[in-house]
Each structure stands twice: as C-alpha cells, then as structure tokens.
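One structure below.
The values are calculated or read from the model by the stated rules, or taken from the named source; none is laboratory data. These numbers were taken from a predicted model, which means no experiment stands behind them. Please note: Cβ atoms are built from the backbone with ideal geometry, for glycine as well, and neighbour counts cover all protein chains shown. Side chains are part of the model used for accessible areas, which takes the heavy atoms of the whole protein and leaves out ligands, DNA and RNA. Shrake-Rupley method; radii C 1.70, N 1.55, O 1.52, S 1.80 Å.
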Amino acid sequence: MITKHLTLVLLCVLTTFSFAEADNSPNYAEPVHAIRCTDPIVVDGNLTESTWQQAKATTRFIQRDPVENGTPSEPTEVKIVYNDEALYVGARMYDSSPDSIVARLGRRDANLSSDYFIVFLDSYYDRRSGFYFALNAAGALSDGVMMNDDWDDNSWDGVWEGRARIDDKGWIAEMRIPFSQLRFQEKSRHVWGVNFKRVIERKNEMDYLTFTPKDGSGFVSRFADLVGIESIVPPRHFEALPYLRSKAEFLHVDKEDPFHDGAGFDPGIGLDLKFGLGPNLTVDATFNPDFGQVEVDPAVVNLSDFETYYQEKRPFFIEGASIFNFGQGGARNYWGFNWSNPKFFYSRRIGRAPAGSLPDNDYADVPDGTKILGAAKLSGKINENWNIGMIHAVTSKETADIRYDGNDSRVDVEPLTYYGVFRGQREFAKGRQGLGVIGTLTARKFRDSPLMNEMNRNASTMGLDGWTFLDKDKEWVIAGWVGGSHIEGTQAQIADLQNSSQHYFQRPDLSQVHVDSSRTSLTGYAGRIYLNKQKGSVFVNSAFGFISPSFNSNDAGFMWQTDLINWHAGAGYQWTKPNLFYRYMYIIGAVFQSYDFGGHKISNGYFSESQITFKNYYNMFIMGIYNPRAYSSRGTRGGPLMLNGAGMYGYTNIQTDNRKSVVFEVDGDVFSGEFGERDRSVGLEVEWKPAANVSVSIEPEISASRNIAQWVDNFEDASAKLTYDHRYVFAHMEQRTFSSDIRLSWTFTPRLSLQLFAQPLISSGDYSEFKALARPAIYEFDVFGKNGSTITYEDETYTVDPDGNGPAESFSFDDPDFNFKSLRGNAVLRWEYSPGSAIYLVWTQSREESEVIGNMQFQRSMRKLFSADVNNIFMVKWTYWWNL
C-alpha cells in the first residue's frame, strides 16, 4: 500500500510539470560551422591540407579559471571538417612561451597534469548527453560519455585517432572521430551541440567556448550549435574483437593436495561483437568471454556485518555502465548521511565466486569464479527521448571436487543462472523532466541440488525514478525513486534469508516483522525523494528515504541495510570570486536522522564541511560530525537493541599544487566516543613526476582504533532472561592497521605503457575484557571473570562460565585475536598496436598470512609477510579490432 501511494505521488509530481515551458534560453555561444572535406586528411598534427585552410575558425573562447568570464591569456583557433566517414577537429593553441607547454605522457584516460584540448559533442542534440574526446600536448588520449547534463564517465573507450605536435607557435591537436563511434539521427541536415575546452596547465587556466558558471549547473545544455554537416548517414557499424589468451599459474598448495600440484595452464579464445540496430542502438555480445581482471582487488579486513563492496573492473561491464544508474537523474548532487541507495544492478554478481557451502573436507577444488557462458548488452536511444539499456547473461553450473577421509566426491557450488537487467528512461521538455524504469531478474535452475536451500530460486526487482525542475532557470529540482523486490525460494532458504545480516528478522524486540519459517517468498519496497537548489551562491540539499525490512536487491544488485527510514536537510554557501586569500571556498551544514520501522532512532547527527582553494592552488578540506546518543539495531547481530553513545568525528585533508613535480596530500581523522571509543588515522600521498612520461606515487596510511564493545558471538542460554535467552558476547578491542598503495606509471608512447601496483597490508586486533550485554537498549555489560563468572584460556580457546556455580551452562569460543598480513601487486604492459587492438602482458603476485596474535609487531610482521608463500599468475592476451 505504501509503495502504491508513493509511486502515485512521484508520478503526479513529475507529470504535473511534464508540460512546463521548454527551455528557450538562447545558446551561450555563436554557432560553429563545419565544412565538407575537399581532399583526404592525414591525422599527423600538421593541419596542412587545403581543407583546413578553407574551414572557418572558431576563436571566441572565454576563461573560466582562474578568472571567471576573463579573456584567455593565449588565443585558440578550432576548425571542424567532415567527410562521409568521420568528423575531423583541428585546433591551434597559440602560446607565447612554447617551451613552457606542459606535455605529460600517460596511458589512455589517465588524469594528467598537462596542457589539453577537449571537444564535447552532443550528436543526438538532446541537450543532456554526449561524448567527449581529449588530447593532450604529448598525444595522450582520453574519452568518455556525458549524461545528466553535468556528469561524465570515462569508462567508454571509442576507436578514434588523435595526434599532437608542439612547434614555435604553440601546439596543434588533430582528431579523427569516426561517425561509427557517435549516435545521431538520420536526416539531411544536422545540428549538434558542441563545446571546446583548452587547459593551459602552468597557469591553471581553463578556457571554454561556453562554460558552466561556478555557482551554476548544467553543462551540455549550454553547448553551441554545430552546423553545416549535411548528407551523412548514420553507419550500420559492425565491430568484431576476437581474443587469444594464455594464463599460467604457479600457486602454493599443500603437498598432499590431490587436486593441485601448484602449476596450471589455462588457454582461452573468444569473441566480442558490437553492432548497430539502426542508427542509435548498439548491441554488445560476447562468446566465451574473458572476464579476468587486469587490476587486482584491494585487501581488506572486514569486522562488520556488511558485505564488502568492490568496484567493477571488467571492460564489458564498465563500458556504458552509466545507462544503468538508477535513482540519480536531474539533480546534480545527492547527499546521504547514514544512507546508501540500494543498487538494483551490481554487475559483479555476474561471474561471482561460487557461493554454495562445502561439506566437511580435507581438500577441495573450487572454481575461482563462475563461468559466464554468454552475455549480451543493448544500449542507446529510441524515439528521440528514450534511453534504454539491457543486459542478458547466463552463467554455468559449477561443481567442486572434495576429498574427505580418503574418499572423493563432487558437490554443486553454483547453479545454472540467468541474469537480466532492463533500464529505460524518457526525458521531456528538453530534459526538464524525466521518467525512468529499471527491472532485474535472477533465475536459477537447481534440479535436485541441495543449493536450493542456500540460494533464492528467483529474484526480481522493479523501480521507477524521475525528476522535474520547478522553474525555468533549472534552479530548483525534485528527484526521486521508488522500487520493490520479490524473492522466491524454499522454506529453508527464505527462513535463512530472514535471519541473515541483511534483515535480522529474529531480533527479539522487533515489532514490525518476525521470522515466518513457512514462507517461500519475500517482498519489500524502498524509495527516496530529494529537493535541491543547485544554482547561485546558496545551495540546498534535502532528502527523505526508506527501505522496508523485507526489501532485498542482492541477487542482481547490492544493498547495505534494510529496515531504515532516513532524512536530512542541508544547505551551503559558496564564494566563487577570488580574493587575496582564496580562489574558491564553500561551507555546508546539515542535520540528519534515521529510524527503523519500529520507530527507534538508530542514528542522528549534525554535519558540517568546508573546502577552500588558496591563491597558491593548495586545497584544504575540513569536515566535522557530532552524533548524539541513538540505538543500534545491528550491534548484537540479530539480538536486541543496544545503546550507541554520543561521539564526535573530525577529518581534514590538505593537498599541494598538482602542477608541481612533487605533489603531497595529507589527511587524518579522529573519532572520540562517549564510552571510550577512539579512532585515529593518518595518511600521506606523495606523487613524484621525475620525467614527463613517468609517475611514481606512494600512499602509506596508519590507523589505530579502540572499540569498547566489539562483537564476538552469541550463545543460547535459558538462564539469560534479561537478554531473551541469549548471551551476546563482546570484547574490548585494540586494532592497528598499516597499508600502502604504491604505483609506478611509465608511458613510452601514447600507445605503449607499463603500470606497476603493490599493496602491503598489516592489520592486528587484540581482544580483551570479554563480556555480555547486560540488558537491551543500554550500554552496560557483565564482564566475564567478575561477580562469580569465570573465563579460562587454553589452546587458543576461551571457555566461559557466566555464573560460576549457577544454572547457566558454560560455552566456548575461539580466540578472535588476529594478525593479518597481505601483499598484492601486479604489472601490466599494454601496447595498442592499432586503434582498438592491443596486446597485454600481465603478472600478478599475492601472498598472505594470518596468525592468532593481537599485537602488530611491525618488523616481525613485515619479515613474515615477505617470507610468506607466493602465488604468481602470468597472462598474455591479444585482441584485434575489426570494423566491418
């Protein structure tokens, strides 16, 4: 009923403004004229062909930084020409000191401190989306897509050419952008949106054809018109990308392991296809895909009951991923305090590590990931205003071989699974309103597998999102989303799901829901609505959201928490005009609260932050939060509420001018809690650029935390009446962590690069003063070893008698002390020997060790880390791009 009402409210709000006056604001720059080529053009950075001499130059640029609306310090000329196959862009960046041009070489899409020229194209002319192509003075390429008028995403990699050349007048950028890489309507005469940007790095200067004011919003909607393109036809493109791969693994294994001898060889062959369905829809298909990651996931020590979220790093899922963003459109910023939007689609579910449990075993051979039999993706536009995206993927049934007491057997660890995602979004009145839908389906085929009691049989989600601007200047905007989920499975599986950390229906003091062991399905709902002011010196950001206890998007998506009602109200002020002290500064403040569906306040606080850019281009960021007392609904991991004390948190970050050859960034945070909790951390990042094509960075961080009530376990005890026949055991814990990210980037040419990465991590946790929660909704504990209770330790096991000679039974638990050490790293040599075609040489190494020791003992831990057993993986991959 709530979902129905909220959906109707959202629809009413959006449709109320769907016939609002269109944005009739004039273009912010004069039209840019393109001419048809009269002779062939060679992309070499020279602009010597006669066509370039005939083309009309665009020269009227405006400075945004450091002086907003100022006159550029150096002139720029841009010309655009075209033929039947491609658009050509030629830019002459004049410079009075050409020997001072900053030309840093880096891999594709790297964020480089360098002189740049960038062209932005709204080829569909929807005033909200498009493509950008960037070339720096050393010839390094970057590209990406634009969406939501203000946002961009560099995960898209188009196949195009660019060359740069420095001479005594400045430097030249020349680009060839095939029409097959763009999306546009079929018509005799075209009008596109276009913008240009020039970066003069040594001056920190940014010049545009037209720009977004520092106190404004909207970027694509401000583009100038690109006119003169006639008689071109959207190509019916067809691209093929076959690959060959060879992988060798040298792993440390037990000598008695019957399944592994420590060495393995895994060849692979496959094919990726990309083809157009009409001028504006693209299908990506893959056969026997190679979804191995070139980058490694970071090591983490997770002591919470939340799943660790990892970023997607597989190209098939990264490219075009922005179309599947749900719930964030129209508004420019979406704040959240103790709130994270549940993701309806989390692509790392596809091809995940097998999730089935194993029976008792001495040795097991379990696949690292679930094989993806095939995957296809459809994305693009239909009927001018509809953006759509679909993904269909099938993963194979996976089994594990096990040996136990000399007997071998095979068990299922992952069923045959289908994943489907649909996303559609329509814009009205040139982007003033939008309405979208998302749907996901996960279907598993178990047959008679015991996995049916461990995983959901079917899971689906459906969501509706949208936005509307409330005034013609797009200063105020309302945005929001509502959604629902439905899961089906066996009684055993649905009962386990209700008791899982995602839901905790077994909480004894929970009134809004309870565990129903007879259920074979679970249905929930969620939503959020925002009201933002996003133009002018004063900005406002507020939201209200809810996630019902039964909502679950985890089969195809990702969620952090359910049973949540959350709101915040915030505002800020920004100073955009430089003075003698700063170039830019803002300050914001907010108040926030969260409740569960039973009405218990589970978080609240007051927030403030400020950021300032000084005259010397140093940056400083400061943030502070005060949290009054509230209840924790998750601290007892499915038990009753407990009290969270008040606390104060502070964070600061200082960064030096990133134009320098050595750049420093220092940050630190501190937390102090009412009951003695404490967190301290200090981090340092140093980037050294010894040459124009080399960058070295190191990011060490050290942290120390004290938790007065760190979760250990819970035990049934019929004598513990005050805590619902359970002992909820906690401990005092002192944790120390050291980690560092070390990177080397060495770029030999714009197409040949080497990246090295290493991450050492040492983390220790020292547990003491074991105790049990005394009563619900308080922060008091019965300490073991006092008041008649006893606790003993033997063979890394604690045994507790909670009442000595009383009726309570003793219980035991393993020593939770830990000293975890990990070193992960890789080296990647990438050579793009032809546009869209590449060869990769990859070496990945990992080593780790864990001990039941609570002290860090840094030197000893480092010695043991570097003497730990090593796993090495070597891979060679070849790809070739065909445009048919």
*Kindly list the number of the only condition in (1) open to solvent by less than 50 Å² (accessible area, probe 1.4 Å); (2) part of a loop (DSSP other than H, G, I, E, B); (3) under 30 Å from Arg189 (Cα atoms); (4) out of contact with any Asp or Glu (no Cβ under 8 Å at 6 or more places or on another chain) that fails for Leu87.*
(2)
_Of all residues making up the stretch 834-867, the number that are among the aliphatic types (A, V, I, L, M) and within 18 Å of Thr737 (Cβ to Cβ)_ = 5
_Pair list, Cβ < 9 Å and 6+ apart or interchain, from the stretch 528-556 residues that are at positive phi to residues that are open to solvent by 20 Å² or more (accessible area, probe 1.4 Å)_ = Gly536/Asp215; Gly536/Glu475
*Tell me, please, whether a residue that is crowded, with 22+ Cβ neighbours inside 10 Å and farther than 22 Å from Glu488 by Cα can be found in the stretch 406-424.*
yes
*Keeping to the stretch 594-614, report how many residues are in a strand (DSSP E or B) and open to solvent by less than 40 Å² (accessible area, probe 1.4 Å).*
11
*Could you tell me which numbered condition Val102 fails, if it satisfies all but one of (1) open to solvent by less than 30 Å² (accessible area, probe 1.4 Å); (2) under 27 Å from Asn693 (Cα atoms)?*
(1)
*Working only within the stretch 521-548, note down all residues that are open to solvent by 30 Å² or more (accessible area, probe 1.4 Å) and not charged (D, E, K, R).*
Ser521, Thr523, Tyr525, Ile529, Leu531, Ser537, Val538, Phe539, Val540, Phe544
*Among Gly434, Gly439, Gly420, which is under 25 Å from the mean Cα position of the chain (by Cα), within 19 Å of Met462 (Cα to Cα) and at pLDDT below 95?*
Gly434
*Say we look at the stretch 65-84 and pick out the residues that are assigned to a strand (DSSP E or B), out of contact with any Leu (no Cβ under 7 Å at 6 or more places or on another chain) and within 24 Å of Lys169 (Cβ to Cβ); which of these is most open to solvent (accessible area, probe 1.4 Å)?*
Glu77
*Restricting attention to the stretch 834-853, does a residue exist that is touching a Ser or Thr at 6+ places or on another chain (Cβ under 8 Å), open to solvent by 60 Å² or more (accessible area, probe 1.4 Å) and not acidic (Asp, Glu)?*
no
*asked:* Going residue by residue through the stretch 442-459, is there one that turns out to be of a type in the set (A, V, I, L, M) and open to solvent by 40 Å² or more (accessible area, probe 1.4 Å)?
replied: yes
*Restricting to the stretch 854-875, what's the tally of residues that are crowded, with 17+ Cβ neighbours inside 10 Å and more than 30 Å from Glu794 (Cα to Cα)?*
3
*Taking the stretch 575-591 on its own, how many of its residues are part of a strand (DSSP E or B), in contact with an Asp or Glu (Cβ under 6 Å, 6 or more places away or on another chain) and either open to solvent by 40 Å² or more (accessible area, probe 1.4 Å) or closer than 20 Å to Asn69 by Cα (or both)?*
0
*Within the stretch 263-280, can one find any residue that is modelled with pLDDT of 85 or more, open to solvent by 30 Å² or more (accessible area, probe 1.4 Å), of a type in the set (Val, Ile, Thr) and in a strand (DSSP E or B)?*
yes
*Looking at the stretch 803-844, which of its residues are assigned to a loop (DSSP other than H, G, I, E, B) and modelled with pLDDT under 95?*
Asp803, Gly804, Asn805, Gly806, Pro807, Ala808, Glu809, Pro835, Gly836
*Taking strands (runs of 3 or more DSSP E) that do not extend beyond the stretch 413-502, which have at least 2 residues that are among the hydroxyl-bearing types (Ser, Thr, Tyr) and in contact (Cβ under 8 Å) with a residue 60 or more places away in the chain?*
433-445, 458-469
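Mind listing whichever residues of the stretch 525-563 are farther than 30 Å from Leu470 by Cα and in a strand (DSSP E or B)?
Passing the criteria: only Phe558.
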*Do we find that Tyr617 is surrounded by 15 or more Cβ atoms within 10 Å (Cβ to Cβ) and at positive phi in this structure?*
yes
*Scan the stretch 361-399 residue by residue and report those that are more than 23 Å from the chain's Cα centre (by Cα), open to solvent by 40 Å² or more (accessible area, probe 1.4 Å) and charged (D, E, K, R).*
Asp362, Asp365, Lys371, Glu384, Lys397
*Search the stretch 786-804 for residues being open to solvent by 40 Å² or more (accessible area, probe 1.4 Å), more than 46 Å from the chain's Cα centre (by Cα) and not polar (S, T, N, Q), and hand back the single one that is farthest from Trp711 (Cα to Cα).*
Gly788
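So, Pro242, is that one in contact with a Leu (Cβ under 6 Å, 6 or more places away or on another chain) and either open to solvent by 10 Å² or more (accessible area, probe 1.4 Å) or in a helix (DSSP H, G or I) (or both) or not?
The answer is yes for Pro242.
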*Report, by residue number, each residue of the stretch 842-853 that is within 26 Å of the chain's Cα centre (by Cα) and hydrophobic (A, V, I, L, M, F, W, C).*
Val842, Trp843
